[in-house]
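Shown next, in structure tokens, is the structure this report addresses.
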Amino acid sequence: MKGKRSKMHFGSLNCRGAQKPAKKSQIADDMHSYNIQMLALQETHIAENQVENITTSDGKQHYTIYYSGKQGQTRAGVGIVVRRDATASFLPVSERLCMCSVEMNKPKRKLTMICAYAPTLPRSNANPALREDFYAELESLVNTVSKRNTLILAGDFNAKTGSGYDEFQNNMGKYGKGKLNENGRELLEFACRNDLILTNTMFYHKLSHITTWEGPIRQHTYKDGSIRRNPFRNQIDYILTRRKDQSLVTNARSYSGTTVYTDHRLVRMTMIAKPYREKRQFTRKIDFIRMKDPVTRAKYAFATEVHHRTLEDRSGSNPSIQTRWNNIIEANHTAAKEVLGYRTNKKSNNQKVEELSKQQKELGILANTTSDLKKKSEIQKSRNIMMNQLHHQLQTEKHQALLDNVAEIEKAKDDSQRMFKAVRTIYSTTGNKPLFIETGDGFTADPGQQVQVITEFFEDMFSKSDMNQIPDIPPAEMTKRFTKEEIQKAVNKLKNNKSAGIDNLKAEQLKYGPDNIFEEIAEMFNDIAKTGKRPNRTTCATAETR
């Protein structure tokens, strides 16, 4: 499965009658003819788990069949066929279930196909526990597949679902055939619980491209003596996928032109091979607001000193400038995580808000897994009431915070710094004002023109030929050495609540650090002036402090 493909094709075929070795080349021929990347097989009649390599009749195309069976059971048997060049991982479950995962490089994607062969309707009605056990095992298998993987569930479900559209509109299309039976209801309820959709009921095709099974007896006599001209045809084979991937499915239908001898038709689904987005990396942020507490600052300084001395002992007697700077960074970050901890992203710490949020999420899940439209409507109404209560509670908290800021302004009339800080807090929620940049013809708010004006300005600034060259100054020992007090005075002039640099050290971490850190930085500056060696720009691995 190497190489870029804009679309991929997946198939399902009940290959009853194709268990002879001579027929396996026909399976490969059909996969090549219909350009199928993965094919689910049912009724293979193989009574054990095994792997077999097959080729097309001309020997050019190579495939691998993975079988799943049960010793002594030759009535069923399932399997999955994939291209030989695919990196596949196969899991045999039973004579009715198996799973295969395939890694794709271009586009980058992981596909998981589950092959299923459900019990027939007469056997299920005679023994309902057989049907229940099958779907319980299938559901536990589906739950093991990552949500980021493309899930393809294909097989012979021996289920008619055509008239179930009115009740299960989210899980099937309008173009099914047959009256909903017990097996069909069980399949649709399973699809509803797991947010799946029957893809070969979504697209309009003529009847022969919708049905998947044809009765072996072409003519049938009714009780009144009339003769049925056409054979019995049913739709009992399906290919399912997750509803979130429904927009990627471009077609699904059955085909009768296979070379394999079987009374079932090949079901093929076409899907756009779209790579998934890279998972967004969220970084946890240190809670530097706690630095306002003098006790916390003292704890932080002590922890930083302890970690720094430990790192110094570990570095040996004559560490390099780079090692000494790395020790300062690591000591500060370790102490910050231990003493300050991480910020929470909660919109509210109100217990009532948390409880309402949890309850509405549970009701949302319950509504999505309920097939009864009346019950679903009642659950949705209850959830809407709860959402209104939640929004009202959040608005009340927001209004109270605004009143608190107004009260702070009233109290701080004699303290201009506190007053303006409270005013900025109030107006910070109004959103960013539009940016206007002056051009030769006036002002513009268009982002494209703004980028062009800014780019031209800096290109002109940094391309002047008459700029003075900075002379190279050779290293020399300082006649008046840097002192701890100078470093501390410079650090104290840094502003709080500013973004960290490439080393991820914030101003607060240095300001409220111990004296030995200032001494170490002063000695480093003296050594840099003497030797000319300075630490490289190193990005610390602990990016949580941003």
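Every number here is computed from the coordinates shown, using simple stated rules; none is lab data. Only a predicted model underlies this, so the values are computations on that prediction, with no experimental measurement involved. Every residue, glycine among them, receives a Cβ derived from its backbone with ideal geometry; neighbour counts consider all protein chains shown.
Given 0.36 nm per residue, what is the gain on full extension from A445 to E103 after removing their alpha carbon distance, in nm?
118.5 nm
For labels at I321 and K495 in the simple 7 Å Cα→Cβ model, what's the distance in nm?
A separation of 3.0 nm, rounded to one decimal place.
In the stretch 67-147, what trypsin sites (Lys or Arg not before Pro) fall in a loop by DSSP, with at most 14 other Cβ atoms inside 10 Å?
On the way: sites: K70, R75, R83, R84, R96, K108, R109, K110, R123, R131, K147; in loops: R84, R96, K108, K147.
Sites meeting the loop and neighbour criteria: R84, K108, K147.
Relative to the present Cα-Cα distance, how much length would full extension add between K110 and I272 at 0.36 nm per residue of separation?
On the way: separation 162, 0.36 × 162 = 58.32 nm, distance 1.35 nm.
Length gained between K110 and I272: 57.0 nm.
What distance in nm separates the simple spin-label points at Q393 and D133, each placed 7 Å from Cα in the Cβ direction?
Placing both labels 7 Å beyond Cα along the Cβ direction yields 4.6 nm.
Sort the stretch 23-117 into rounded, prolate or oblate with this rule: let a ≥ b ≥ c be the square roots of the eigenvalues of the Cα gyration tensor; rounded if a/c is under 1.5, and if a/c is not under 1.5, prolate when a/b is larger than b/c, oblate otherwise.
On the way: a/c = 2.17, a/b = 1.26, b/c = 1.72.
It is oblate, given that a/c is not under 1.5 and a/b is not larger than b/c.
Can you give the FRET efficiency for K179 and N35, using 1/(1 + (r/R0)^6), R0 = 35 Å, r = Cβ-Cβ distance, to the nearest 0.05? Display every interim value, and only then the final one.
Working: r = 34 Å, r/R0 = 0.98.
E(calc), rounded to 0.05, equals 0.55.
Can you give the FRET efficiency to the nearest 0.05 for T483 and K530, using r as the Cβ-Cβ distance and R₀ = 25 Å?
Values: r = 16 Å, r/R0 = 0.62.
Given R0 = 25 Å and the Cβ-Cβ separation, E is 0.95.
May I ask which of K337/K498; K23/K160; K177/K376; K174/K244; K174/K375; K493/K530 have a Cα-Cα span longer than 20 Å here? Mind dumping the intermediate values first?
Values: K337/K498 18 Å; K23/K160 29 Å; K177/K376 26 Å; K174/K244 18 Å; K174/K375 23 Å; K493/K530 26 Å.
As for pairs spanning more than 20 Å Cα to Cα, those are K23/K160; K177/K376; K174/K375; K493/K530.
Between the DSSP loop rule and a limit of at most 16 other Cβ atoms within 10 Å, which chymotrypsin sites (Phe, Trp or Tyr not before Pro) in the stretch 169-259 are left?
Here the sparse-neighbourhood loop sites are Y204, Y222, F232.
So between R284 and S256, what do we pick up on full extension, going 0.36 nm a residue minus the alpha carbon distance?
Details: separation 28, 0.36 × 28 = 10.08 nm, distance 5.62 nm.
Between R284 and S256, full extension yields an extra 4.5 nm.
Roughly how many nanometres apart are two label points built 7 Å out from the Cα toward the Cβ at K381 and E355?
Going from the K381 label point to the E355 one covers 2.4 nm.
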